[in-house]
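Asks: Shown below is the structure under consideration.
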Amino acid sequence: MTTPPTRHCFAALLAVLLSAGTQAAPAHFTSYNDFYRSLGDPLFEGKGTALDKPCTDAPRACLWTTSMTQALRRYEATDWIVPGTLQMNPADGAPDVAFDGQTLMVGARRWPLRSAVALAPPDWPSRTPIDPENLANVTAWQQGTSVCLDMHYVSSGKGDRYTLVVLLHGEHLYTLPPLFGSCVAIQKAAGDGFSYPSTTYLGPGMETNPSGLQVDYLLSDGTTRVARYLLRFPDQSDPFTFEASRVR
């Protein structure tokens, strides 16, 4: 016996209605790192390691590091201004890294910022040396041979939305998009690769009064998109409180 066509139509319509009725509601967040962690497959786990900033006395030169050994490798000086929390060697489990504004140092090896693969937007000075004293804090993550630094500038106004993210993966150094950037956001990808978020403001106000954010996850080629999320700001003056939905 064949089923009448009308029964097929009703069954199909019911399936659509049930699917729409059970679709997940947008998730609410008050932290971008919490949002990124909710996506799964992170390249870096944990809270990261805060770096300290020792400086030579005269002439003054500073860097951000997890060990005084790294500082002594970088600058030959007898007089140092050293944070009281900084030890000669990194704490157990912490990466042995330093950043002097021009170069990322891991152990005795160095990767110049000027040679980094720029995945940040063209108008962002991603490979330009910066003064370590223009950074408010730096946090490092390590997974195997991969190392990532989150660098937050001393800033006011909308400056807290931007993070200098530097990733060492394989034998390449990368600079990632800064708008709501984070090492926590980087995900694993096939073939020992990675994907990262590239973010764009939404709405007529754009940066001055955005209605939300489009977050495209791209592979390290900078063009292949693997996921897209839309973030909506219920209060357009507060881009740190949002609803997030995956669209593709």
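Read the figures in this text as sums done on the coordinates, not as results from a lab. Everything numeric here is computed off the predicted structure, so don't read it as measured data. In this analysis, Cβ positions are derived from the backbone assuming ideal geometry, glycine residues included, and neighbour counts consider all displayed protein chains.
Asks: Counting other beta carbons within 10 Å of each residue's own, what order do 164, 179 fall into, fewest first?
Replies: With the fewest neighbours first, 164, 179 line up as 179, 164.
Asks: Kindly rank 210-221, 28-39 from highest to lowest mean number of other beta carbons found within 10 Å of each residue.
Replies: 210-221, 28-39
Asks: Ok, one more. In a GNM of the chain with a 10 Å cut-off on Cα contacts, which of 166, 97, 226 has the highest mean-square fluctuation?
Replies: 226
Asks: A further question follows. State to the nearest 20 debye the size of the charge dipole of segment 44-184 about its Cα centre, where the only charges are +1 on K and R beta carbons and -1 on D and E beta carbons.
Replies: 260
Asks: Hey, can you grab everything whose amide H is under 5 Å from the amide H of residue 220? Only 5+ residues off in sequence or another chain; H modelled, so Pro and N-termini drop out.
Replies: Excluding prolines and chain starts, which carry no amide H, the hits are 194.
Asks: Give the order of 247, 184 when sorted by the count of other beta carbons within 10 angstrom, beginning with the fewest.
Replies: The most exposed by this proxy come first: 247, 184.
Asks: I'd like to know which of 226, 106, 153 lies farthest towards the positive end of the charge dipole of the chain, counting +1 on Cβ of Lys and Arg and -1 on Cβ of Asp and Glu.
Replies: My answer, from the dipole projection, is 226.
Asks: Further, regarding this structure: What is the packing order of peptides 108-115, 170-177, taking the mean over residues of other C-beta atoms within 10 Å and listing the highest first?
Replies: Peptide ranking by packing, descending: 170-177, 108-115.
Asks: Of the candidates 135, 167, 149, which one comes out as most mobile in a Gaussian network treatment of the chain with C-alpha springs shorter than 10 Å?
Replies: Greatest mean-square fluctuation among the candidates belongs to 135.
Asks: Could I ask something else about it? Net charge within 13 Å of residue 105 by Cβ-Cβ distance, Lys/Arg positive one each and Asp/Glu negative one each, not counting residue 105 itself? The partial results should precede the final answer.
Replies: On the way: positive: 73, 74, 109, 110; negative: 96, 100.
Surrounding charge for residue 105 is +2.
Asks: Test of understanding: in a Gaussian network model of the chain with alpha carbons linked when under 10 Å, which of 49, 78, 163 would top the mean-square fluctuation ranking?
Replies: Looking only at 49, 78, 163, the biggest GNM fluctuation is shown by 78.
Asks: Using +1 on the beta carbon of Lys and Arg, -1 on that of Asp and Glu, and nothing else charged, what's the dipole of segment 75-117 about the Cα centre, debye to 20?
Replies: 260
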